[in-house]
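One structure is given here, and the rest of the page talks about it.
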Amino acid sequence: MNFFVNEGLAAQGSGIEHAQVQRGKLFRKNGQSFKIVTRVYNANGHRDLLAWQLNDAEVINMYDYYAGTEYVPDRIVTAEDVEWGGRPVAVVEPMADKPETFMAFEDIERTRFLGRIHVDLEHENRVTMVEVFEHFGNLFRVDTYDSRGFISRQQYIDPDGTPNTNVFVDRQGRPVIEEFLRRKGPRMSETMLMNR
């Protein structure tokens, strides 16, 4: 098995990605197995494989390895299919000025806001991202959907609006990779604890 390791493999890659893919196709043509290993997760990664004329057996991402999602059947998730963690949904409607964004509410009067749902208009209105708001109207989590139709990353947001943690989850919602994004100094309470 020949391995090519890279940061990622986007639909429109750099010269390095082009060289890797061409080398891989040459290996394939000569009956040699190969695998492109990528480190950075791309929610559209499996869809991008088609642009490169590759298949799931020839590319693996670290996320897919840990989450066990190398081979997952494609499923279309639309705005109406989004689950809200047991919170009831009464209204899901597109924004008038942004047809790729839907608003979800718990009540017909539209007073209890659940969140915003972003869809890919060019790919069957598939859900790409959901911004989840808590009962006081603050954004607290952003769910990224894999193009194959499941939540792959949950990004938790601090009260000041900055991302705090990325939790990459498997198809059952279990964490497989956690990435901490804290780029600011410790809070006063944390400083007092560190000085003890």
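For the criterion of being among the β-branched types (Val, Ile, Thr) and at pLDDT 95 or above, Thr162 fails. Residues that are within 21 Å of Arg47 (Cα to Cα), without any contact (Cβ under 8 Å) to a residue 60 or more places away in the chain and under 14 Å from the mean Cα position of the chain (by Cα) within the stretch 115-164 comprise Ile117, His118, Val119, Asp120, Arg126, Val127, Met129, Val130, Asp143, Ile151, Gln154, listed in sequence order. Taken across the stretch 2-18, residues that are modelled with pLDDT of 90 or more, over 15 Å from Arg148 (Cβ atoms), in contact with a Leu (Cβ under 8 Å, 6 or more places away or on another chain) and β-branched (Val, Ile, Thr) do not occur at all. Among the residues of the stretch 99-114, those that are more than 19 Å from the chain's Cα centre (by Cα) and under 24 Å from Arg75 (Cα atoms) comprise Pro99, Met103, Ala104, Leu114. Annotation: Asn2 fulfils all but one of (1) surrounded by 12 or more Cβ atoms within 10 Å (Cβ to Cβ); (2) in contact with a strand residue (DSSP E or B) (Cβ under 6 Å, 6 or more places away or on another chain); the unmet one is (1). Please tell me if Ala90 is among the hydrophobic types (A, V, I, L, M, F, W, C) and loosely packed, with under 13 Cβ neighbours inside 10 Å. It is false that Ala90 is among the hydrophobic types (A, V, I, L, M, F, W, C) and loosely packed, with under 13 Cβ neighbours inside 10 Å. Restricted to helices (runs of 4 or more DSSP H) entirely inside the stretch 1-108, those with at least 1 residues that are under 24 Å from Arg153 (Cα atoms) are 45-52, 62-67. Does the stretch 109-122 hold any residues that are among the basic types (Lys, Arg) and in a strand (DSSP E or B), and which are they? The answer is Arg116, and nothing else. Quick one: in the stretch 93-128, which of the residues that are β-branched (Val, Ile, Thr) and under 15 Å from Ile151 (Cβ atoms) is surrounded by the fewest Cβ atoms within 10 Å (Cβ to Cβ)? Only one residue tops the list, namely Thr128.
The values are calculated or read from the model by the stated rules, or taken from the named source; none is laboratory data. All of these numbers come straight from a predicted model, not from anything done at the bench. No Cβ is skipped: glycine too gets one built from the backbone with ideal geometry, and neighbour counts run over all protein chains shown.
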